[in-house]
Every structure is written in C-alpha cells, then in structure tokens.
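Here is the structure we will look at.
Derivation of every value follows stated rules applied to the coordinates shown; laboratory data play no part. Predicted model, so just to flag it, every value in this text is computed and none were measured. Positions of Cβ are generated from backbone atoms using ideal geometry, with glycine treated the same way; all protein chains shown enter the neighbour counts.
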Amino acid sequence: MVSEKGSFSIQKLIEEKKKNKSAHTIIEKLVPFILLFTAVLSVLTTLGIVFTLIFETFTFFSKVSFIEFITEKKWYPFSETKGTYGILPLVSGTLRVTLIAIIVAVPIGLASAVFLSEYASERTRRIIKPILEVLAGIPTIVYGFFALTFVTPILRQFIPTLEIFNALSPGIVIGIMITPMIASLSEDAMTSVPNSMREGALALGSTKFEVSMKVVLPAAISGIVSSIVLAISRAIGETMIVAVAGGSTPTWGWDVTSSIQTMTAYIVQVSTGDAGYGTTIYYSIYAVGMTLFVFTLLMNLLAQYISKRFREEY
Amino acid sequence: MKLIDHTKVVGHMNQRLVKNQVYKVIFFIATMFGLLILGILLYRILTQGAHYLNLDFLQNLPSRRPERAGIKTALIGTIWLVGVTAPLSLLLGVGTALYLEEYAKKNRFTDFIQVNISNLAGVPSIVFGLLGLTLFVRALGLGTSVLAAGLTMSLLILPVIIVASQEAIRSVPKNLREASFGMGATKWQTIVRVVLPAAIPGILTGGILALSRAIGETAPLVVLGLPLFIAFLPKTVFDTFTVLPMQIYNWTSRPQEEFHALAAAGIIVLLIMLIIMNSIAVLIRNKYQKRY
C-alpha cells in the first residue's frame, strides 16, 4: 500500500513537472525575443534620430538652397522679408567656444592625469578622483548660471571691452566642465601602461618627470588623444552654458569678446520663441541639428578609430 | 675612451632634479584647480541663494514677483519626470543588457548593436530633443506632456544604463550560473533567480547615476517646448508640466538680480537632490561591492 501510494505520487510529480516544463519551454523560447526587441529599440532610436533629421532637413532644403546654407556668411532667420540661412556664423560661434574650452581643458586635464597616475599616492587618488567626477556630474544649467553671474563679471574687470554675452566666458566654463573627462580617461590610459616600463626607465636613471613624459605619455597616447577628441565632441554639443552666457548674435569671424550664437544656442532660441510649426524657421532647427549631429558623430568615430588603430599592446 | 662622460652627467643632474620637482608642483596645482573651481562654484551659489531658501520657496507657485516666487510646480514636475523615466529606462536598459550578455551570439549583428549603443551615448542631448519633438510631441500627439518628456529622457539615458547593466551582469561569476544549471534550472530561471539578484547592486548604481543626469538635463526639454512658466500641477502623465532646470533657466535668463538669486536657490535644491541620489548610489556600491 505504502509503496504503491509512494510510486503513485512520484509519478504524479513527474507528470506535473512535465506539464510545467511545457510552460517553461514557452517562456524559455519567448524571453530571447522580448529581450531582442528591447535591444533592437536602441538601434531604432538611432534610426529615428537619423531619419527625423534627414526628413525635416529635406523639407528645409526645399525652401532654402543647400549652397546658401553652407556658403553664406549671414544667418538672419528672423528677417521681416526673407530670411538668410548661412550656417557658417553658427559654426564659427561653436568653433570659437570649443577652441577656448580645449585651450583650457587640455593642459589642466593632462596635468591632472599625470599627477593622479604618476605622482599621487593611492590614498590621494581615491580622494581626488571622485571629487573630479562630481565636477563632471554638475548639471550644465548650473555651469551656465556660473558663467553668466560669476565668470563674465570677473573677466569684464580685466577686459573692459568684453560684452555681457560673449564667447570667452562660456568657452572657459565648458573647458572646466570637460577637464574631468580628459583627466579621468587619460588617467585610465596612463594607469594601464605596465609598471615594468616605468621601472626600466627609472633603472636607467630617469627622473619621475622624464618617465612620465618620455615613457608613459607616448605609451598611452592613443587613449589620451581619443579622450581629447571625445571632449571636443562634448564641447560642440554643449547647449545650456552657451545658451545662457553666449548670447544670440550669429557672427562670422574670430572675435571672442562680443555676443555670439552657437548651433545649439540657436536651436534653444527658436524652441523658446514663438516660431510656428511648419515655418522655415521651424525646419531650420533640424538642419542645424543635422549639422551638429554630423560634427559630433565624426568626432566620436574618430575617437574610436584612434583608440583602436593606435593602441599599443603590452 | 669612456662611453659616458661622467662629469657631464653629474652637471645635468641638478637641473633634471629641479625640473622634476617644479613639474610635480605644477601638476599638483593643476589637479587642485578643479577642486578650487568646485569650491568657488558651491560657495557662490550658496551665498547667493541661501537668502531665498525656505519652506515658502518650496511651497509657492512661480510668480512674477521674486519675493513670492517658489518652485512647487518645478519640483513636483521633476518627481513626475523621474517617475516616468525610471521604470521605462531601467526595463529597456536591463532587457537590452541581458540580451547582449546572456543570449546574443557573437556575430556582426551583436557587434552592430554594441557599436550603435556607444555611438548613441555620444549624441548631444539637444539632438534627442529634436527626436522627441518630432516623434513624441508631434507624430504621437503627446504634446509637452510628462509622458513625451519621460520617453525622450528614457532614450537619452538608455545607453548609460545599458552599459552599466552589462558590466554588472558580466561581473557575476560563471560558476554561479553553472551551479544553477547543474541543479536543473533553465536559462531564464537562472537569470531571474541567480544572475539578476547578484547583478542588481551594479544595475541600481548605474541606473541612479543615469537618472541623476536626467534630472539635471535642460536642453532636450527646452527643444520639446516645455513651458518656462506654469502655475498648476500635472494630474496625469498626459498633462503639461515643467521641471527644476527649466525653472532655473527661466530665472537665469532674466536680467534682474533678484531672479538670479532665485535661480541660485533653485540650483541649491537641484544639487541637494543630486547629492542624495549620488550618495544612495555610492552606498549601494560600497555595501555590495566584490562579494565574490
């Protein structure tokens, strides 16, 4: 009796298990497809961005000639009669700000990276690195506020001709913003240089400075250059700092003391203004966005290429 | 004939050692420069904004009179935005990471998705705003609603969450999975009961950091056309709203000093929110780090 009952329940268990198994196999087969769908969504986002930009940019170029867009040195979209749409002043605004940012960020960022990776003790590094990361995590609108209400007034004491809105102040502040990025990525590249190379150079009688400059820096150069290129890409796409402190006067040239407008700041200006849906001005933000997208994409691809192509294997 | 002229080497020695010391100091100052700026920035904002920071400031609606203005709508709006963005981006991000780490075969398609994700992370946030404007605000007719903004923000922070989740999932040791398979568990059972519980601290840390980026973002929301001034609260996800950075932007772009002080007070509130979120992320990371 007992054994019969026992075998009966075991059989039942097995049958139950089999039934469950069919439910399980359905889940097992379904789950990969659901997860694949979420993964494909990220690809769809990229396609969405590209198609949105291309589609609306085409509408823009049915109203404005492409040649005018890339050669004209005047950007007057808000003109009463017929607007002039030459992207060059906006590009020149973006480049001026980016150049200033790079001039500020590269020396400071690299010097910090060398200090953290070659000179600082493990303890110092553990304290300073998170603080630098805090600097990178501050919202850009806060930096914009800082540029307008602190950096600009200070600069105006030294440069009396500096206007309230200018390229210099947001350029410096963007430089401060991207410094941690250069420092952190370059430091990673330098730390991954094997110690045996440092020790070899030290054994030959080099000083620490010589080891840093003649051994570690050249060995880590691919990581360092790609970090700088990534930082340039960030500076080009930066929006709120230039929208707050850069002004809204698209100008062509190299003047950094007067009001400018960057590509991103123009998109913000139109978005906060009252240009209606379907107007040429409305479509112009997509053409500008497209230009911006192409610029940053090229930079990002360049950074990837550099870090792959010129990586030294040890 | 000697290969090395010893007197020459000794002659240079002093100069080289001095150079070494001088550059050490220069590198140190450069490193401290970042910390100094951070200090100045925080000090400036605290001294400018502390005056306006009180309970009324948190409870009042925005006003054209600075002394009566508050951030109630913006603060509640930010919380709504997080409420929509967090579940969406975590679900999609973790799903993608699970697919790439646990299911995907090593082939060109997988590589393509991976490259695509890292390129998506480098797209300027304002371009995501343009996508959101066309797709969510116009095509789907969501307007400047919480949902449209939440969807846009989710796409924006998705790459960050995917990469963080991938790292967390990858760091779960293989023998845990094999033990689970050895006990007769299926792949999905193993993922849900073994891999995810082990990876959740890493996923949460990355997720919170990504969300704190979403809280501070302004540019894409400006492009969506979110109102800079609004005097009522959203009741559903289809209502229009505004967020803290938009309110700060509004006050910053006014010429009067009083509004700049208000902006500083708003920034203090924003930074406090970010500090809290970052502390939680760090706590989770420290508590669960390297259990294996």
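Hey, what do the phi angles of the range A:136-142 turn into as Karplus ³J(HN,Hα) couplings, whole Hz, using 6.51/-1.76/1.60 and θ = phi - 60°, x for Gly and Pro?
Rounded to whole hertz, the list is 7, x, 5, x, 5, 5, 5.
What's the exposure ranking of A:178, A:236, going from fewest to most Cβ atoms within 10 Å?
Ascending Cβ contact count within 10 Å gives the list A:236, A:178.
With only alpha-carbon atoms counted, please give the Rg and Dmax of the range A:2-62, in Å.
Expressed in Å, the Cα Rg and Dmax of the range A:2-62 come to 26.2, 88.
Residue B:67: net charge of surrounding residues, Cβ under 10 Å, Lys/Arg +1, Asp/Glu -1, itself excluded?
Combined, the nearby Lys, Arg, Asp and Glu give 0.
Convert each backbone phi in the range A:160-172 into a coupling constant with the Karplus relation 6.51 cos²θ - 1.76 cosθ + 1.60 (shift: θ = phi - 60°), then list the ³J(HN,Hα) values in order as whole Hz, x for Gly and Pro.
x, 7, 5, 7, 4, 9, 7, 8, 5, 5, x, x, 4
Mind grabbing the base-10 log of I(q)/I(0) for the range A:32-168 at q = 0.13, 0.15 Å⁻¹? Debye formula, identical points on the C-alpha positions, no solvent, two decimal places.
Log-scaled intensity ratios, in q order: -1.00, -1.09.
Per-residue ellipticity at 222 nm for the protein assembly as shown, helices alone: DSSP H runs ≥ 4 residues times -39500 (n - 2.57), over residue total, nearest 500 deg cm²/dmol?
For the protein assembly as shown, the value works out to -23500 deg cm²/dmol.
Normalise the Cα radius of gyration of the range A:172-311 by 2.2 N^0.38 Å (N = residues in it) and let me know the number.
Working: Rg = 20.7 Å, N = 140, 2.2 N^0.38 = 14.4 Å.
In units of the 2.2 N^0.38 Å rule of thumb, it is 1.44.
Loop by DSSP (not H, G, I, E, B), at most 10 other beta-carbon atoms within 10 Å: where is the longest site-free stretch of chain B for trypsin sites (Lys or Arg not before Pro)?
Longest site-free region, per DSSP loop and neighbour criteria: B:107-234.
Quick check on the exposure proxy: order B:183, B:246 from fewest to most C-beta atoms within 10 angstrom.
Ranked by crowding around the Cβ, least crowded first: B:183, B:246.
Compute the Rg/Rh shape ratio of the range B:98-139: radius of gyration over Kirkwood radius, all on alpha-carbon atoms.
Rounded to two decimals, Rg/Rh equals 1.16.
What nm value, rounded to one decimal, do you get for the distance between residue B:28 and residue A:44 when each label is placed 7 Å out toward the C-beta?
In this crude spin-label approximation the distance works out to 5.6 nm.
What residues qualify as long-range amide H neighbours of residue B:240, i.e. H under 5 Å apart, gap of 5 or more or another chain, H built at 1.01 Å from N?
none
Based on the inverse mean of 1/r over its pairs of different Cα atoms, what is the Kirkwood hydrodynamic radius of the range B:147-198, in Å?
Working: mean 1/r = 0.0788 Å⁻¹.
Across the range B:147-198, the inverse of the average 1/r is 12.7 Å.
Output ³J(HN,Hα) for the range A:291-300: one whole-Hz value per residue in order, computed from phi by the Karplus curve 6.51 cos²θ - 1.76 cosθ + 1.60 with θ = phi - 60°, and x for Gly and Pro.
Computed from phi, the couplings for the range A:291-300 are 4, 4, 4, 4, 4, 5, 4, 4, 4, 5 Hz.
Would you grab the residues whose amide H sits under 5 Å from the one on residue A:259? Only those 5+ places off in sequence or on another chain, please, with H modelled 1.01 Å from N.
Distant-sequence amide H within range of residue A:259: zero hits.
Rg to Rh for the protein assembly as shown: what is it, with Cα atoms only and Rh by Kirkwood? Don't skip to the answer; put the middle values down first.
Numbers: Rg = 27.5 Å, Rh = 26.7 Å.
Taking Rh as the inverse mean 1/r over Cα pairs, Rg/Rh reads 1.03.
So what's the Cα pair-distance distribution over the range A:252-306, bin width 10 Å, in %?
P(r) over the range A:252-306, rounded to whole percents: 20, 36, 32, 11, 1.
Just checking the output field for A:26-37: average partner chain Cβ neighbours within 10 Å of each residue's Cβ?
That works out to 5 on average.
For q values of 0.21, 0.31 Å⁻¹, compute log₁₀ I(q)/I(0) with the Debye formula on a Cα-only model of the range B:6-52, without solvent.
So the normalised log intensities work out to -0.75, -0.98.
Taking R0 as 45 Å, what FRET efficiency do you get between residue B:110 and residue A:249 from their Cβ-Cβ distance, rounded to the nearest 0.05?
So the FRET efficiency works out to roughly 0.40.
In Å and from the alpha-carbon atoms only, list the Rg and Dmax of the range B:1-148.
28.3, 89
In debye to the nearest 20, how big a dipole does chain A give about its Cα centre with +1 on each Lys and Arg Cβ and -1 on each Asp and Glu Cβ? Before the final figure, lay out each step's value.
Numbers: 24 positive and 21 negative charges, 159 e Å.
Magnitude of the dipole: close to 760 debye.
Give me log10 I(q)/I(0) at q = 0.21, 0.25 Å⁻¹ for the range B:1-88, Debye formula, one equal scatterer per alpha-carbon, no solvent.
Summing over Cα pairs of the range B:1-88 leads to -1.02, -1.12.
Once you put a point 7 Å from the Cα of residue A:26 and another 7 Å from the Cα of residue B:91, both along the Cβ direction, what distance in nm separates them?
So the two model labels end up 2.1 nm from each other.
What translational diffusion coefficient, to the nearest whole µm²/s, does the range A:94-156 have by Stokes-Einstein, given a Kirkwood radius computed over alpha-carbon pairs, a temperature of 20 °C and 1.002 mPa s viscosity? Before the final figure, lay out the partial values.
Working: Rh = 13.8 Å.
The estimated diffusion coefficient comes to 155 µm²/s.
Find the Rg to Rh ratio for the range A:75-309, where Rh is the Kirkwood radius over alpha-carbon pairs and Rg uses the same atoms. Intermediate results must be reported in sequence, preceding the final value.
Details: Rg = 20.6 Å, Rh = 19.3 Å.
Taking Rh as the inverse mean 1/r over Cα pairs, Rg/Rh reads 1.07.
Of all GluC sites (Glu not before Pro) in the range A:1-96, which ones are in loop regions per DSSP and have a Cβ with at most 16 other Cβ atoms within 10 Å? Write down the numbers at each step before the final one.
Working: sites: A:4, A:15, A:16, A:28, A:56, A:68, A:72, A:80; in loops: A:72, A:80.
Passing sites in the range A:1-96 are A:80.
Could you point to the residue in B:212, A:252, A:173 farthest towards the positive end of the protein assembly as shown's charge dipole, with +1 and -1 charges on the Cβ of Lys/Arg and Asp/Glu respectively?
Of the options given, the answer is B:212.
How large is the dipole of the range A:2-62 about the Cα centre if only Lys and Arg carry +1 and Asp and Glu carry -1, each at its Cβ, rounded to the nearest 20 debye?
Numbers: 7 positive and 5 negative charges, 91 e Å.
The dipole of the range A:2-62 has a size of about 440 debye.
So if we plug the beta-carbon distance of residue B:5 and residue A:195 into 1/(1 + (r/R0)^6) with R0 = 25 Å, what FRET efficiency do we get, rounded to 0.05? Working shown, then result.
Working: r = 31 Å, r/R0 = 1.24.
Efficiency, from the Cβ-Cβ distance: 0.20.
Per residue, how big is the convex hull around the C-alpha atoms of the range B:57-288? Give it to me in cubic angstrom, could you?
Normalising the Cα hull of the range B:57-288 by residue number yields 137 Å³.
Report, ordered by chain and residue number, the lysines lying within cross-link reach of residue B:235, taken as a straight Cα distance under 21 Å and ignoring same-chain residues fewer than 8 apart.
Here the lysines satisfying the reach criterion relative to residue B:235 are B:72.
In the calculated pair distance distribution of the range A:235-281, what percentage of Cα-Cα distances lie above 17 Å?
Result for the distance tail: 37 percent.
Using the Cα centre as the reference, give the magnitude of the dipole from point charges on the C-beta atoms of the range B:57-288 (Lys, Arg: +1; Asp, Glu: -1; all else neutral), rounded to the nearest 20 debye.
Computed about the Cα centre, the dipole is about 360 debye.
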